[in-house]
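These notes concern the structure reproduced below.
Please treat every number below as a calculation from the coordinates, not as lab data. What you are looking at is a predicted structure, and each value in this text was computed from that prediction instead of being measured. Glycine gets a Cβ as well: all are built from the backbone with ideal geometry, and neighbour counts include every protein chain shown.
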Amino acid sequence: MADLLFFFFVCGGTNFNSPIKGYEDLHVYCPRCHNFSLVPIHRREFFTFCYVPVIPTSWGDDLQCTICPYNQVTSREQLDQIRRQPAPLGTIQAIPGPPA
Ligand SMILES: [Zn+2]
């Protein structure tokens, strides 16, 4: 039992999310909270041992809402597409992800 507790104490998961270079100024409409609060982030999740990131378990580009917990997988191509859209005020829509 003590061994098990030790395992959970020293191992874990940690997020190393960072803004995507060149897309820091992009704000996309959030379909959940209806704000222009989705920002592109580069997601990196690591399995950690003694707080040291050892194995990357998940990574990719996401649109993450800064207000609510909404999160959507995206890609650089999609971000470029959003950026190229003519953006009259209030009409930017988040592009739905690829069909499952
Ligand atoms: Zn939101």
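Return the only residue of VAL54, VAL28 being within 14 Å of the ligand (Cβ to nearest atom) and either closer than 19 Å to ARG84 by Cα or free of Cβ contacts under 8 Å to residues at least 24 places away in the same chain (or both). Let's see the steps before the verdict.
Working: VAL54 fails: within 14 Å of the ligand (Cβ to nearest atom).
Just one listed residue meets the conditions, VAL28.
Candidates are the residues of the range 63-81 that are within 16 Å of the ligand (Cβ to nearest atom) and touching a residue at least 40 places away in the same chain (Cβ under 8 Å); the one that is nearest to PRO31 (Cα to Cα) is TYR70.
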